[in-house]
């Protein structure tokens, strides 16, 4: 259809047919093919698949079938079947219901002065649903089957109520046949609509079997949970190469186990993600996206999984039935639900949230999702550690003094003061020193490693990282901390760090703690050292010792003391132990209650 305008200032007045044919996108969505990833049913299960499709072309079926489902609701569940036939050879679609037919089908509409059936099939803003809100009838935007008629080269309707039979044929929106008469007793009640899309608007377009199967399956799925029409059967068939083939309509398209939460305002389903999986949502029967999906994701992500991207590991199907005053969409074809969060969430929370969280707590699905999240975080943190290690290698602080020739021993000392003394007393060719500044971080989680500069520097110096069995660059790792409670705590934190994240280092007996003397004294010209009070008392029984010194911490050792310690090393080897994991977990794990009980019972 072409509209000619001879003068740019001339006002053009289009009739309904011309307006829709000129700008069909305004009424049915995009009519040219588009590439898009869609959640469709493949071999009976949902998959995200790249499809070339026209939302507008598909919408022609939507308008006609929704009218049949509306009629089923008006029949209060008495209608048993709706039949959909798609002729893939001719592009003709037929939708047949077993309802009560058009009300007063034989009469004229008082406003249009046309037959009521023609009025419904020709006028965009004509329908019976504008005030029928109690049952949340699907079609309330008022374009309905009329827009399908306008965009079809052939369109027909046959409708029968208890008294009358009315039939119309249109070609390019012009009536070519009219038949109004009394209904014969043997003729069934109901309505049947057939159409062939216009080749002018949809050149070369053919119905897609997967899209038709998916659409009918989604509708059948929604029907089975509808309290009014849940006994309705949606029966489809293709005609292909002249032969009839049953459309494999399925309602069992969610793959694997799922959590299901039902309420008076709808249902929520949640299941694990799988390859090419996708989520779905419906509002009052219309497939759409919107804030309702985010509300559910926020409950799960923030309220349960405590991970903002948890929805990467699960999918949802959200189906809502909302009151008419909340049923607002952002577009004509109801693809985006536009009702505000503040209006919607209170009712959703009341009906769904606690049930969904309880379902997650009871389900193995949530445990598997938790594991997937943990694996993702583990991989992300390993990547962060590798990156941080690369950076720290370039920026290792003055706290590290490397050996000059060979990496045999590294001392991890408590404080810069002790490190300075060890540096002077060590074998500089083979022994390195790294100084801690206070207590290292308790590394319960892998993410604790990424946020601690000192631990990252230690990993860089040793050239180790979690998830790798690569041995440390040094043959021996020696912890040099005070023997007081603070020093023992530091030593324990370092031991836990290696035991938890680098157990192979402990297993291969590379981790040690240096033991420093407790007492020093002079006897004659010689300086003597003792590691226990008992040793000193035994030694000093019959000797007159002088210059008695209690070496309370590494900082109290002078250079002479350090030379002795480094020359006469006493190393306590940290070895694997069957109970080590248990007690380290109590001491440094997340459970404060276990720790308190352990300390109380000794």
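Can you tell me the length gained on complete extension of the stretch residue 417 to residue 230, counting 0.36 nm per residue apart and subtracting the Cα distance?
59.4 nm
What angle, in degrees between 0 and 90 and rounded to the nearest 10, separates the Cα long axis of helix 364-395 from the longest principal axis of the Cα atoms of the chain?
50 degrees
Once label points are set 7 Å from the Cα along Cα→Cβ at both residue 80 and residue 386, what is their separation, rounded to one decimal in nm?
Label-label distance for residue 80 and residue 386, simple model: 6.5 nm.
Counting pairs of alpha carbon atoms under 8 Å apart in space and at least six apart in sequence, what relative contact order in percent does region 44-126 give?
17 percent
Report the relative contact order of the chain, percent, no decimals, based on alpha-carbon pairs under 8 angstrom and at least 6 residues apart.
That works out to 9 percent.
Given the convex hull of the Cα atoms of region 275-332, what is a quarter of its surface area in nm²?
4.9 nm²
Given the Cα-Cα distance of residue 571 and residue 240 and 0.36 nm per residue of separation, how much length would full extension add, in nm?
Using 0.36 nm per residue and subtracting the Cα-Cα distance, I get 110.7 nm.
Just the C-alpha atoms of region 259-372: what Rg/Rh do they give, with Rh taken as the Kirkwood radius?
0.96
I need the calculated FRET efficiency for the pair residue 257 and residue 544, taking r as the beta carbon distance and R₀ as 60 Å, to the nearest 0.05.
0.15
Work out how far the C-alpha atoms of region 310-362 reach from end to end along every principal axis, then list the three figures in whole Å, largest first.
Result for region 310-362: principal-axis Cα extents of 40, 25, 17 Å.
Defining a contact as two alpha carbons under 8 Å apart and six or more residues distant in sequence, what relative contact order in percent does region 259-372 show?
On the way: 164 pairs, mean separation 40.7, N = 114.
Relative contact order of region 259-372: 36 percent.
With label points built 7 Å along Cα→Cβ from the Cα atoms of residue 349 and residue 19, find their separation and express it in nm.
4.3 nm
Using square roots of five times the C-alpha gyration tensor eigenvalues, list the equivalent-ellipsoid semi-axes of region 162-236 in whole Å, biggest first.
Numbers: eigenvalues 154, 129, 14 Å².
They are 28, 25, 8 Å, listed largest first.
Could you tell me the largest-minus-smallest coordinate of the C-alpha atoms of the chain on each of the three principal axes, in descending order and whole angstroms?
134, 59, 48
Let's test the formula: R0 of 35 Å, r as the Cβ-Cβ distance of residue 535 and residue 364. What FRET efficiency results, to the nearest 0.05?
The calculated FRET efficiency here is 0.05.
What angle do you read, to the nearest 10 degrees and between 0 and 90, between the alpha-carbon axis of helix 209-224 and the longest principal axis of the chain?
Roughly 90 degrees between the two axes.
On a C-alpha basis, how far is the centre of region 42-98 from the centre of region 305-329 in Å? Whole number, if you could?
Between the Cα centres of region 42-98 and region 305-329 lies a distance of 24 Å.
With each run of n ≥ 4 DSSP H residues scored as -39500 (n - 2.57), what mean residue ellipticity at 222 nm is computed for the chain after dividing by its residue count and rounding to the nearest 500 deg cm²/dmol?
Calculated from helices alone, the mean residue ellipticity at 222 nm is -10000 deg cm²/dmol.
Starting from the Cα of residue 558, step 7 Å along the direction of its Cβ; do the same at residue 489; then give the gap between the two resulting points in nm.
Modelled inter-label distance: 3.2 nm.
How much FRET efficiency would the formula 1/(1 + (r/R0)^6) give for residue 171 and residue 10, where r is the Cβ-Cβ distance and R0 is 25 Å, rounded to 0.05?
For residue 171 and residue 10, the calculated efficiency is 0.25.
To the nearest 10 degrees, how steep is helix 291-300 against the longest Cα principal axis of the chain, on a 0 to 90 scale?
Tilt relative to the chain: about 30 degrees.
What Rg and what Dmax come out for region 28-246 when only alpha-carbon atoms are used, in angstroms?
Rg, Dmax (Cα atoms, Å): 17.2, 50.
Indicate, rounded to the nearest 5 percent, the antiparallel portion of the DSSP beta bridges found entirely in the chain.
If we restrict to bridges inside the chain, about 75 percent are antiparallel.
Bear in mind that the values in this text are calculations on the coordinates, not laboratory data. Model, not experiment: these values are computed from the prediction. Note: ideal-geometry Cβ built from the backbone for every residue, glycine included; neighbour counts use all protein chains shown.
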